[in-house]
Amino acid sequence: MKKRIVALMTGMICAAMSLTACEASKGLETDTLKITKYKGVEVAQVEKPGEVTDEEVEQQVQLELDAQAETKEIKDRKVKDGDIVNIDFVGKIDGKAFDGGSAEGYELEIGSDSFIDGFEDSIIGHKAGDKFDWNGEFPDDYGNTEYAGKKVVFSIVLNSITERTVPELSDEVVPKLSENAKNVEEYKKEVKKRLEEEAEQEYKNMLYSEVWNEVLNNTEIKKYPEGEKEKAQEALKNRYVELAESYDMEFKDFVETQMGITEEDFDKQAAEAAEQSVKSKLITAAIAEKEKISLSDEAYEKEIEKIAEQYNYDSVDALKEQVEEEELKATALNNLVVEELSKKCIQKASGK
């Protein structure tokens with residue numbers, strides 16, 4: 001999953017803080033856990049989103065137009081600014097190739113400033129098939145101090161040139177950008193509404209995360225159900241093992257190259273994550289029972305639709321294929337619990 005599935009909250013309280021009144025703080029205790037406070041928890045104030053500006057709408061429209069760009073290979077002219085080139089290159093310092101200085105089949109947009117000054121400009125004016133050297137110099141403030149300020153020679157092979165054409169916004173283009181809008185005016189209104197909804201959801205997610213973390217901090221687990229932490233850890237590791245297999249890599253090599261950690265470090269982190277996951281489920285279940293919050297079939301379907309959209313799954317079915325039903329139900333119930341707690345939290349402005 002691309003993001004961590006987090007639970008939710010919001011705030012309002014106390015005349016002394018210029019907030020509306022709310023229910024008194026409340027905790028609960030069972031044989032398994034003790035929560036000192038889960039209602040009326042105090043969190044840092046999260047700033048509400050401002051109004052979406054016309055400039056922000058235009059920027060989003062341009063991004064979506066860029067995604068519709070058409071490309072074609074160019075064979076009858078030289079490279080110009082804005083082209084995408086496919087190149088092989090070998091960089092040498094004092095006649096020796098250096099780490100990270102070589103690549104084959106590299107796609108580079110001219111003008112993107114992806115390389116040191118002068119590199120991209122050196123390609124302009126060449127044709128596909130050209131081979132040439134470029135003499136440059138790493139800037140003094142280059143991130144890798146080993147190369148900073150040193151002269152470098154890049155031997156470059158220009159394999160191909162691709163031209164990218166971005167369409168202009170028009171009523172004719174709108175159907176490619178939207179299923180519902182019929183013209184430019186409707187499309188821009190749709191984009192603005194979407195940006196407003198995204199900003200509101202981001203605000204809620206930040207606030208919900210603050211509140212749930214506070215509830216987690218206020219909870220002591222007296223005893224974990226036997227085998228639950230181990231089961232959660234094994235499930236987590238199995239996901240990464242499957243991911244490694246999809247890369248055709250051994251698990252040990254995968255975590256070292258893709259995550260930058262050893263297998264031992266992974267196991268430690270997985271154990272911590274598993275414990276936190278089980279803790280969260282225990283808290284959710286206890287509060288849900290106390291507050292009589294239940295997950296109906298209708299509520300479940302509604303929540304997993306939100307989850308699928310939030311984590312960019314193609315469909316609810318795609319989500320169900322990749323995530324076990326038990327985990328989805330736990331997440332959906334957590335969402336309902338935190339949403340309810342959000343109505344009783346206290347947002348405190350900084351310094352108060």
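Between segment 182-227 and segment 268-309, what is the separation of their alpha carbon centroids in Å?
With segment 182-227 and segment 268-309 each reduced to a Cα centre, they are spaced 15 Å.
For the chain, what does the relative contact order come out to in percent, with C-alpha contacts under 8 Å and a separation of six or more?
30 percent
Can you compute the charge dipole magnitude of the chain about its Cα centre, using +1 on each Lys and Arg Cβ and -1 on each Asp and Glu Cβ, nothing else charged? Give it in debye, rounded to the nearest 20.
1360 debye
Give the Cα extents of segment 70-165 along the principal axes, in whole Å, largest first.
The principal-axis extents, from largest down, are 40, 22, 19 Å.
How large is the translational diffusion coefficient of the chain in µm² per second when you combine the Kirkwood radius over alpha carbon pairs with Stokes-Einstein at 25 °C and 0.890 mPa s?
Calculated translational D: 97 µm²/s.
Give me the percent of DSSP beta bridges within the chain that run antiparallel, rounded to the nearest 5.
Antiparallel bridges make up about 90 percent of those DSSP assigns within the chain.
Taking 0.36 nm per residue of sequence separation and subtracting the Cα-Cα distance, how much length would be gained by fully extending the chain between Ser246 and Glu172, in nm to one decimal?
Between Ser246 and Glu172, full extension yields 22.6 nm more.
Using just the helices of the chain, give the 222 nm mean residue ellipticity in deg cm²/dmol: DSSP H runs with n ≥ 4 each add -39,500 (n - 2.57), and the total is spread over all residues, rounded to 500.
-14000 deg cm²/dmol
What length, rounded to one decimal in nm, is gained on full extension from Asp99 through to Asn159, with 0.36 nm per residue of separation minus their alpha-carbon distance?
Gain in length upon complete extension: 19.4 nm.
Which residue fluctuates most in the GNM of the chain (Cα springs below 10 Å): Thr165, Thr145, Thr257?
Thr145
If we sort 152-162, 178-188, 300-310 on the protection proxy, mean other Cβ atoms within 10 Å, highest first, what's the order?
Ranked by mean Cβ neighbours within 10 Å, highest first: 152-162, 300-310, 178-188.
Taking the Cα-to-Cβ direction at Thr30 and at Glu197 and moving 7 Å from each Cα, how far apart do the two end points lie in nm?
Here the answer is 3.5 nm between the modelled labels.
Describe numerically, in nm with one decimal, the distance between label points set 7 Å from Cα along Cα→Cβ at Asp141 and at Glu234.
Those two pseudo-labels are separated by 5.4 nm.
Counting pairs of alpha carbon atoms under 8 Å apart in space and at least six apart in sequence, what relative contact order in percent does segment 70-165 give?
Relative contact order comes out at 42 percent.
So which residue, out of Glu64, Glu137, Glu220, gets the largest mean-square fluctuation from a GNM of the chain using Cα contacts under 10 Å as springs?
Of Glu64, Glu137, Glu220, the most mobile in the Gaussian network model is Glu137.
Give the total of Lys-Lys pairs in segment 193-285 with Cα-Cα distances below 22 Å; include a pair only if its members are 8 or more places apart or on different chains.
Lysine pair count for segment 193-285: 25.
Cα centroids of segment 65-96 and segment 319-348: how far apart, whole angstrom?
Here the two parts' Cα centres lie 46 Å apart.
Using a 10 angstrom cutoff on alpha carbons, build the Gaussian network for the chain and name the most mobile of Gly91, Gly100, Gly136.
Gly100
Taking a quarter of the surface of the convex hull around the Cα atoms of segment 118-218, what do you get in nm²?
Approximately 13.8 nm², given one-decimal rounding.
Once you have the Cα-Cα distance between Tyr106 and Asn213, take 0.36 nm times their residue separation minus that, and quote the gain in nm to one decimal.
34.2 nm
Read the figures in this text as sums done on the coordinates, not as results from a lab. Please read these numbers as outputs of a predicted model, since none were measured by experiment. Every residue, glycine as well, gets a Cβ built from its backbone with ideal geometry; the counts of neighbours run over all protein chains shown.
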